[in-house]
Amino acid sequence: MLTAAARADVSERLTMTVSPAQSFAPTTLTVILHVTPDAENRALQIVAESGDYYRSSRIQLDGNEAPHTIVVELKSVPGGDYEVRGALIDGSGHSRSLVRTHVIVIGSAGSHH
């Protein structure tokens, strides 16, 4: 019973929502990350990736002093199926927690030839 509680606690270090989950290109994706403050937290890596598009942002965190909620806007995202990932990084550069979600950006009608 204690192991299950510990595992659940660890997985809640980082949660993420991305909106909209489906939209038309070009779009702005809003990534909202909730971080449980911890002295080991040093950075937050956000990646949006599809077959032919990649964007990455890295935000420095100040351990226990870091904000609980971080909002990142990815602007002018083209059409595609995206995996959006968030990773909480410690002082050694290792991932402490990883979250991912899938979003769809529908290509504009004008882009079809």
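Every read-out reported here was derived from the displayed coordinates using simple, explicitly stated rules and does not represent laboratory data. Owing to the predicted nature of the structure, the values given are computational and were not obtained by experimental measurement. Ideal geometry is used to build each Cβ from the backbone, glycine not excepted, and the neighbour counts take in all protein chains shown.
Quick look at the values:
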item: Residue-count net charge about Arg42 - beta-carbon cut-off 12 Å; Lys, Arg +1, Asp, Glu -1; result: -3
item: Semi-axis lengths (Å, descending) of the ellipsoid that matches the C-alpha gyration tensor of the chain; result: 30, 15, 11
item: Within region 52-80: backbone nitrogen closer than 13 Å to the Ala25 label point (7 Å, Cα to C-beta); result: 52-54, 76-80
item: Simple Cβ-charge dipole of region 33-113, Lys/Arg +1 and Asp/Glu -1, about Cα centre, in debye nearest 20; result: 120
